[in-house]
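Shown next, in structure tokens, is the structure this report addresses.
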Amino acid sequence: MTVLHVQSGATMKHFDFQWYAQQNNLMMSNARISTHYEEVGRQQGLSPTPYFDARWYAGAHGLGVADAMSPFEHFALLGAGALADPHPLFNAKWYCWTYMDGDNSIHPLFHYIETGWRQGNDPHPLFRGQWYAERYLKEIDHIDPFYHFLTEGHDRGCQPNPLFDTSWYGDTYRMGRTANCLVDYIYGGHAARDPHPLFDSRHYRDAVDCGGLSPLEHYLTKQSDISPCPILDVEFFGRRARRHRRYREVAHLPALVQYIELSRTGSIDPHPLFSTAFYVEQNPDIKETRVEPLTHYARSGAREGRQPHPLFEPDYYREQYPDHPDVNPLVDYLAGLAESGARPRRGGRVDTVTRPLPPSRTVIDIADLGALGGRLPDDAAIGVFAHIFYSDLSDYVARYTNNIPGNCTIYISTTTLSDAKRINAVFAERSLHPFVIRVVPNRGRDIAPLVVAFRDVLRTCDVALHIHTKKSKHYDGGFDQWRDYLFEANLGTPAVVAAILSALARPEIGAVAPDHYGPIKPLIQWGGNFDTVSRLFRLCGERIGTEAVLDFPSGSMFWFKPKALEKLLALDLDYCHFDPEAGQVDGTLAHAIERSFFSFVEMAGYEWVVQSRSANDASPGPHRADRPIGNRFLPTDRDLGLTRKYYPECTGYLVRPSPVTKPRLNLLIPLIDQKKGYAGIATALEVFAALCGQLKDAFDARIIVTDVSIGHHYEPPPSFEIVSPLAQDVAGRNTIVDASRRYDYPVFFRETDILFATAWWTASGALDILRQQAELFSVRPEKFLYLVQDYECGFYPWSTKYALAERTYRQPDTVLPIFNTGLLQEFFEANHQLTGGYVLHPGINRTIDRHIVRDTQKEKIVLLYARPHAERNCLHFLDMTVRTVIDADPEFWSDWRFVAIGEDFDAGELRCTDRIEILGRLSLARYGDLASRAALAMSLMISPHPSYPPLELAHAGVRVLTNNYGNKDMARLHDNITAFVSFDLDAVGQTLRDMAGAWTDDPAVGWRGEDRAGWFFGGHTNLGTMIPRLADEVRGLRMRRDGA
């Protein structure tokens, strides 16, 4: 009997002709392949199918070449009945027990080949067919995944299951090219080898009795809750996984497999000390490798010293343990966490500069606080989180907490069992409230118990209080008085508690804290904590600058809404993040969190209240219940807006309320130093100054610089002073505020502040400020002034930026426009909803006019107004035009100078000719002198605004070639201006040549040119007649109710 005729399913259909031919280098028909197997293959023990490993089977059953039966015949006739394995990766007994209910009428292999794989059955516990097919065979639905793995998948590095990394295993353990890595692991390799860079077999065996199974098989089949990866924290990861959109799809899988699957579709953190987003951000090269970040870290990142989390520094850990050079520093740190004194990171640089509290900070007298708040529901859950390190103060704590009314529970943490028993005895006798005691590690002082040990119940509370038993260990009795101050301020009487709870009933208030203890207030500083605070902010997607306001509940005893600390709680901090206790007085994570409490409140969108029991320390009143009473000083990512991520000039404002009610005019201007600015800046300042003069003392005035910081040498105009954005607002002062760093500071506004925008992005900012005014005061000015100096969206291609600029022109009910020239007004009336308003006809800059020397002898100079950064000024066309005219008549132009002015730039910007001299940005005096001497000029502007340079140059007797646009006809404005419509190089070049020829015939022709506009030239302007009318309208602007 031959193999092709045996029973038990070993029929011709199990013979894989193509595979057999490929394995044996045969090129013949199936019939001849059958003959080859009968005559040659059987005798040599060749396999007729990849599902059967003849050599392995022969070795397993002691078969030799001289035996009458081939290995496959032996399997078919004898091995099938004994459920022998046909292949090292086909576990017949397991398959039978798992899928066939013990049915022995057909061998499991044949069952698998004929129907099993289509039903989703696996040949071995370590081969997951459905997973394999989804991973590697999405475009192929007619092939058995196991067959694919045996015939080509293994050689391509395909994994048989999520936790066996074929390529890594082969590379790590130097497997030969023909060796099957999974076979090696199953048959002995598992004793000393890991199947995957994330699977630590020794770590798993130390925690679990595998009962004779390989660690991998045990983990995949026994539903173990133990993580085989030291940097996969099952509890931590589980909390994150359950919030993942794909969690239901993977919920049935072991945690490490869940992690691997979920990490394919987005960032998810496996451990408190591994931040996937941070690791990728720090190591952009791993994106190219397409390796999952934790796997990258386990494979090579740890060895290379890469940092896995902002709060863990591997190089510093190695400095502490130089005798552990070859270990994964994070794994080593976690393994010795309880016993060692290793610190997870260096202490930060120490900054002992005292940080004065901002004058604009609001402090509420506790006697007034209750009247400004609301009322919490009677069943509001109040939680007191008390860390009682010194159990002898238990009675002290119980006595104060008895002043809390209602539905209150005391959650107590302490560090020893004996302390817990002592505390329990005291509270059982003295406390009016139920209490819970948890014994916690002595790590992280009072902060870790709050955010780690009690994180679960903290989120169930509506309001909470954090207190602890501060004792003096560093200062002569100072802590005892400080503790008394904080307990009195937070819990001193039922009336104090009631006032605080009333404030917390306001929806916008997230925390209420006592003002700083008197002796502490002058000592407010970052100390050694700024670096760690910055890392915490980074984890929250925020940033903080060294100049940001530093204010916090010093002593860390304060009331709060747990929702207001959600950003902190969402970090899922654990004890491994905190420094081991060593009596530190500064520089630990606990100290950093203390300095960040108010910031976390603000990140969650809440305000915080500082209360004082001394009326002398409170801010001047009266305070109103219908106005904000809290503080916010941190511009969060939400406040600054998404637009700034692409366009920094559109950085949003954190608007905070000023109690001053006197009207004020606010100029929003990109920069204030005219030496650095452009003509539009000078125009805006001129209009603003004139308007302020007309409004007189009825209005205060403020200039808000939005883009470029005010230089140290800038001299403010008379009656104005430069003040900090954090200065207390005072009626009767005219101020200049640098808001270019508004990512560090808020800007305070009055409900009567009227805004004056001067560029599209300042108008966009004005719209945002108006919205916030309405939110803070329930009213806002009906309109803001908008000095429209060009069709600014035309500065950009059709794009998001174009649309954002255009949006500011589509606010007819909110904008009071002031158009810079009638030409611009005509354009907007024809093309946009922004109509009406006022028209400014500006006059020439007086300084320029003063330096123009009339009747100066003209020279063969062609001035080119060239600004590479402003595409609308057409530098490239200027360059091409110069080359065109020179090529057309080189002799005529041989003694002419072509001089580029307007902006400094490199000659490399010019690609057509080297005849252009670059003088760049000139002083106004030098500009006036050069204009007085130049014969010709080209100044182009693709926009409806006439542009100042052609007008200035025409006034200086220069014959100017420029362009028209839309309704703009520049030749109508002055005899010296010639304008073209089409950017035809030859035609424009010929026009310039004709102008040069006319000047050659009559060099004084430019000085005889006359003004046709009736404004600008000679300083003529309508500013004096426009401003009084504008001032009347500003005075009459109505306040709009929120929502009106």
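The values are calculated or read from the model by the stated rules, or taken from the named source; none is laboratory data. Since the structure is predicted, the reported quantities are computational estimates derived from the model, not experimental observations. Backbone-built Cβ (ideal geometry, glycine too); neighbour counts: all protein chains shown.
Descriptive notes on the structure:
- Members of the range 80-115 that are surrounded by 21 or more Cβ atoms within 10 Å (Cβ to Cβ), in contact (Cβ under 8 Å) with a residue 24 or more places away in the chain and among the small types (Gly, Ala, Ser): ALA80
- Which numbered condition THR546 misses (of (1) in a strand (DSSP E or B); (2) modelled with pLDDT under 95): (1)
- None of ASP1002, ASP984, ASP969 is surrounded by fewer than 15 Cβ atoms within 10 Å (Cβ to Cβ), more than 25 Å from TYR791 (Cα to Cα) and either without any contact (Cβ under 8 Å) to a residue 12 or more places away in the chain or not aliphatic (A, V, I, L, M) (or both) except ASP1002.
- Restricting the first member to the range 366-378 and to residues that are on the phi < 0 side of the Ramachandran plot and small (Gly, Ala, Ser), and the second to residues that are exposed (fewer than 11 other Cβ atoms within 10 Å of the Cβ) and modelled with pLDDT of 90 or more, the beta-carbon pairs closer than 9 Å and six or more apart or on different chains are GLY374/PRO507.
- Qualifying residue in the range 596-606 (condition: among the β-branched types (Val, Ile, Thr) and in a helix (DSSP H, G or I)): yes
- Among the residues making up the range 865-897, a single one is touching a Ser or Thr at 6+ places or on another chain (Cβ under 8 Å) and not in a helix (DSSP H, G or I): TYR865.
- One residue from THR978, THR962 being touching a helix residue (DSSP H, G or I) at 6+ places or on another chain (Cβ under 7 Å), outside the structural domain of PRO781 (by TED's automatic domain parsing) and closer than 22 Å to LEU924 by Cα: THR962
- Strands (runs of 3 or more DSSP E) contained entirely in the range 716-759, each with at least 2 residues that are polar (S, T, N, Q) and not assigned by TED's automatic domain parsing to the domain that holds GLU547: 734-738
- The residues in the range 95-123 that are more than 23 Å from GLN223 (Cβ to Cβ), of a type outside the set (A, V, I, L, M, F, W, C) and assigned to a helix (DSSP H, G or I) can be counted, and the count is 7.
- Tabulated pairs, the range 337-348, first touching a residue at least 60 places away in the same chain (Cβ under 8 Å), second polar (S, T, N, Q), C-beta under 8 angstrom, 6+ apart or interchain: ALA342/GLN320; ARG343/GLN320; ARG345/THR532; GLY348/ASN529; GLY348/THR532
- Test: HIS876 is modelled with pLDDT under 95 and surrounded by fewer than 18 Cβ atoms within 10 Å (Cβ to Cβ): no
- Residue match in the range 384-404 (condition: among the aliphatic types (A, V, I, L, M), closer than 20 Å to ALA499 by Cα and assigned to a strand (DSSP E or B)): yes
- When the range 161-207 is limited to residues that are surrounded by fewer than 21 Cβ atoms within 10 Å (Cβ to Cβ) and of a type in the set (Asp, Glu), the one that is farthest from SER224 (Cα to Cα) turns out to be ASP171.
- Of all residues in the range 689-712 being closer than 19 Å to GLY652 by Cβ and not in a loop (DSSP other than H, G, I, E, B), the one that is farthest from the chain's Cα centre (by Cα): ARG702
- Residues of the range 227-240 that turn out to be within 14 Å of THR276 (Cα to Cα), part of a helix (DSSP H, G or I) and among the aliphatic types (A, V, I, L, M), as a count: 0
- Residues located in the range 334-362, provided they are touching a Ser or Thr at 6+ places or on another chain (Cβ under 8 Å) and more than 30 Å from TRP608 (Cα to Cα): ARG345
- Residues satisfying the stated conditions in the range 124-157, i.e. outside any helix (DSSP H, G or I) and aromatic (Phe, Trp, Tyr): PHE127
- Some residue of the range 337-356 being over 27 Å from THR493 (Cβ atoms) and in contact with a His (Cβ under 8 Å, 6 or more places away or on another chain): yes
- Residue among VAL885, VAL862 that alone is under 19 Å from SER923 (Cα atoms), surrounded by 21 or more Cβ atoms within 10 Å (Cβ to Cβ) and touching a Lys or Arg at 6+ places or on another chain (Cβ under 8 Å): VAL862
For every residue, the table says whether it meets (1) in contact with a His (Cβ under 7 Å, 6 or more places away or on another chain); (2) part of a strand (DSSP E or B); (3) β-branched (Val, Ile, Thr); (4) under 18 Å from PHE146 (Cβ atoms).
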| position | (1), (2), (3), (4) |
| --- | --- |
| TYR20 | no, no, no, yes |
| ILE33 | no, no, yes, no |
| HIS36 | no, no, no, no |
| GLN43 | no, no, no, no |
| TYR51 | yes, no, no, yes |
| ALA60 | no, no, no, no |
| LEU63 | yes, no, no, no |
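- Tally, over the range 621-673, of residues that are small (Gly, Ala, Ser) and surrounded by 19 or more Cβ atoms within 10 Å (Cβ to Cβ): 3
- Number of the condition not met by TYR297 [criteria: (1) more than 25 Å from ARG346 (Cβ to Cβ); (2) touching a Lys or Arg at 6+ places or on another chain (Cβ under 8 Å)]: (1)
- Those residues of the range 322-375 which are closer than 30 Å to ASN616 by Cα and within 32 Å of the chain's Cα centre (by Cα), in sequence order: THR352, VAL353, THR354, ARG355, PRO356, LEU357, PRO358, PRO359, SER360, ARG361, THR362
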